[in-house]
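Peer 1: Below you'll find the structure I mean.
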Amino acid sequence: MTILKVSGLVKRFGGLTAVGGVDFSFPRGKISAVIGPNGAGKTTFFNMITGIYTPDEGQIELDGNSIVGVKPHQITGRGIARTFQNIRLFGSMTVLENVMVGMHIHLKSGILGTLLSLPAFRHEEDEVHREAYRLLEFVGLEDLLNEQAANLPYGAQRRLEIARALATRPKVLLLDEPAAGMNPRETVELIELIRRIQEETGMTVILIEHDMKLVMELSERILVLDYGVKIAEGEPHEIRSHPKVIEAYLGTSAVEESVVKEGEIS
């Protein structure tokens, strides 16, 4: 069953077509990946889904409802959260405060309740603290809740950004190169965390990633872009040996070599 669907999606910047007519359906409750060489249009694709860019053409539907033209904070409220290729934390705030920021879209007390510290506000504030702590436990950062975010190791900052995204209570979690800059141990921990998110919450996870080992290990469906155009889609075993994918990453000679090797094997 589809939760997020894009149809004929196009984005141009001047004379450059960054994304050109992409169609894809993301299955509910599964882990999918969007891959492709540098400059393939992957982050532009995410930016359209999250409302940062408005498509020039095409449609984006969440649970069958169009979100084209909807503002980013409203899209977050409808159930799409994301992390960024370059970590965007509030460095001078504590780990706990960073997660609490992610919950603001669901607060009901309003500015008057906050200013007057009404009972409803104090109760809600307690709930926010408890939920933020639970999320920090989930990502393994509960012992660092009072540390400034800027002081965390790189891998921990990545996990904190994921915790903050989860704080918005999303249906769909978009992860833009979550393993970028991580060492092998941190990458293994990330794989385990993403798998736990999907298995324990049933959440739909969509990731952009250059680490093909991670992509092939986690993803059930993969969309491949090259120069903004979809060149392949399918399950990991189909993508791994797809000629157009091999050519996009390694060049025409690599495709010819793989064909020769298949001939030798047969």
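Peer 1: Name the most mobile residue of THR187, THR54, THR201, meaning the one with the largest mean-square fluctuation, in a Gaussian network model of the chain with Cα contacts below 10 Å.
Peer 2: THR201
Peer 1: Still on this structure, I have one more. For MET212 and TYR227, compute 0.36 nm times the residue count separating them, minus their Cα-Cα distance, and round to one decimal in nm. Don't skip to the end; give the middle numbers.
Peer 2: Working: separation 15, 0.36 × 15 = 5.40 nm, distance 1.89 nm.
Stretched out fully, the MET212 to TYR227 stretch lengthens by 3.5 nm.
Peer 1: Longer than 18 Å from Cα to Cα, which of LYS11/LYS213; LYS30/LYS171; LYS5/LYS30; LYS171/LYS213; LYS5/LYS171 are they? Say none if no pair is.
Peer 2: On the way: LYS11/LYS213 30 Å; LYS30/LYS171 11 Å; LYS5/LYS30 14 Å; LYS171/LYS213 25 Å; LYS5/LYS171 14 Å.
From LYS11/LYS213; LYS30/LYS171; LYS5/LYS30; LYS171/LYS213; LYS5/LYS171, over 18 Å: LYS11/LYS213; LYS171/LYS213.
Peer 1: Looking only at region 71-95, which residues have a backbone nitrogen under 16 Å from a spot 7 Å from the Cα of ASN38 in the C-beta direction?
Peer 2: 85-86
Peer 1: I've got another one for you. Would you mind checking the tilt of helix 119-139 against the longest principal axis of the Cα atoms of the chain, expressed as 0 to 90 degrees and rounded to 10?
Peer 2: Compared with the principal axis, the helix lies near 40 degrees.
Peer 1: Right, another one. Using all C-alpha to C-alpha distances in the chain, build P(r) with 10 Å bins and read off the rounded percent in each one.
Peer 2: In order of increasing distance, the bins hold 7, 27, 32, 21, 9, 3, 1, 0 percent.
Peer 1: Right, next: Based on the Cβ-Cβ distance of HIS237 and HIS104, what FRET efficiency does E = 1/(1 + (r/R0)^6) give at R0 = 30 Å, to the nearest 0.05? The partial results should precede the final answer.
Peer 2: Working: r = 42 Å, r/R0 = 1.41.
Given R0 = 30 Å and the Cβ-Cβ separation, E is 0.10.
Peer 1: Compute the helix-to-body angle for 252-265: its Cα long axis versus the longest principal axis of the chain, expressed 0 to 90° and rounded to tens.
Peer 2: 70 degrees
Read-outs throughout are calculated quantities, based only on the coordinates presented, and are distinct from any laboratory measurement. Computed from a prediction, not measured in an experiment: that's the story for all the values here. Note: ideal-geometry Cβ built from the backbone for every residue, glycine included; neighbour counts use all protein chains shown.
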